[in-house]
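These notes are about the structure you will find just below.
The values are calculated or read from the model by the stated rules, or taken from the named source; none is laboratory data. Because the structure is predicted, anything quoted here is derived from the model rather than measured. Neighbour counts run over all protein chains shown; Cβ positions are idealised from the backbone, glycine included. Surface areas here come from the heavy atoms of the whole protein model, side chains and all, with no ligands, DNA or RNA. Shrake-Rupley method; radii C 1.70, N 1.55, O 1.52, S 1.80 Å.
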Amino acid sequence: MGHRTPDPRNVHGTAGAGLVDATWAANPAVARIGRNGEIRTARLLDDHRPSNTAVLHDLAVPAAGYTANIDHAVVSDNQVLLIDTKAWRSGRYWTLLGVTRRGRQRFGHADTRTPAMARDRIARMLDSRGIAATVLTPLVAVWPSSPTGTVSVRWLRMQGCTPIAADALPRRIRRIIGNRPADPRVLNALAELVGRNGQPTRIR
């Protein structure tokens, strides 16, 4: 059976929106690199995810008093796969005894807890509404920050999520989430977390 192009109507939100005018970023260059990474992931998902699934970009984490987002979500039936995007300097990333390094240099940015927290909070939100759904272990898609660079994450371990080389995303998604139309209740609940200029979007 040949590849079918995903339905563009099943794409919701704008990738990288959370990094526009991001005053919390170390500097504008860092925000730009991060945003470009999210856009690259979005293009992969929009064009190469399983054809019947839905994808959402830039979802707020539903936690009171906590301003964070998860970059992407893919929905197949009542299964939700959250994806965070990183754009890191070229190198080999590896973890031993709970300490992550890039080459020989300690690398603390891999200690993020946002994907695991997003999974927990989104699962709670769906459950509180009586929506039966399975929120899978999040993926962290890692791009090299340089167009000519490469990253290796084979030996990288991150708490509550699975790191993956970003260009391998389509294959991994097809393997773990299937290819069924998104459950409308799940999709509408997640769409409330997607917004442009702070305004929620509802899927019709």
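Per-residue Karplus couplings for segment 114-127, computed as 6.51 cos²θ - 1.76 cosθ + 1.60 with θ equal to phi - 60°, are listed in order as 4, x, 5, 5, 4, 4, 4, 5, 5, 4, 5, 4, 5, 5 Hz, Gly and Pro entered as x.
For segment 86-204, DSSP calls about 45 percent of its internal beta bridges antiparallel. Quote the FRET efficiency, to the nearest 0.05, computed for Arg185 versus Ala68 with a Förster distance R0 of 22 Å and r equal to the Cβ-Cβ distance. E between Arg185 and Ala68, to the nearest 0.05, is 0.35. Across segment 56-94, the residues whose backbone nitrogen lies under 11 Å from the label position 7 Å along the beta-carbon direction of Ser146 are 89-91.
Sorting Met117, Met125 on solvent-accessible area from highest to lowest, probe radius 1.4 Å, gives Met117, Met125. Surface calculation, 1.4 Å probe, protein heavy atoms: Val140 sits at approximately 0 Å² accessible. The listed residues Trp94, Trp143, once ranked by accessible area (1.4 Å probe) with the largest placed first, stand as Trp94, Trp143.
Computed from backbone phi, the HN-Hα couplings of segment 137-154 come to 4, x, 9, 10, 8, 10, 9, x, 6, 9, x, 9, x, 9, 10, 10, 10, 4 Hz, rounded to whole numbers (Karplus: 6.51 cos²θ - 1.76 cosθ + 1.60, θ = phi - 60°; Gly and Pro given as x). Phi angles across segment 165-177 convert, under the Karplus curve 6.51 cos²θ - 1.76 cosθ + 1.60 with θ = phi - 60°, into 3J(HN,Hα) values of 4, 4, 5, 8, 4, x, 5, 5, 5, 4, 6, 9, 10 Hz, Gly and Pro given as x.
Stretched out straight at 0.36 nm per residue, the stretch from Arg124 to Leu97 would grow longer than its current Cα-Cα span by 6.6 nm. The label point for Arg104 and the one for Arg174, both projected 7 Å from the Cα toward the Cβ, are 4.2 nm apart. Note on exposure: Thr14, Thr112 ranked by accessible area (1.4 Å probe, complete protein assembly) read Thr14, Thr112, with the most exposed listed first. Between the amide H of Gly91 and those of Thr150, Val151, Ser152, distances stay under 5 Å, these residues lying 5 or more places away or on another chain, with hydrogens modeled in the peptide plane. In segment 35-159, inverting the average of 1/r over every pair of distinct C-alpha atoms gives 15.7 Å as the Kirkwood radius. Close amide H contacts of Ala182 (hydrogens built in the peptide plane, cut-off under 5 Å, sequence separation of 5 or more or a different chain): Ala54, Asp77.
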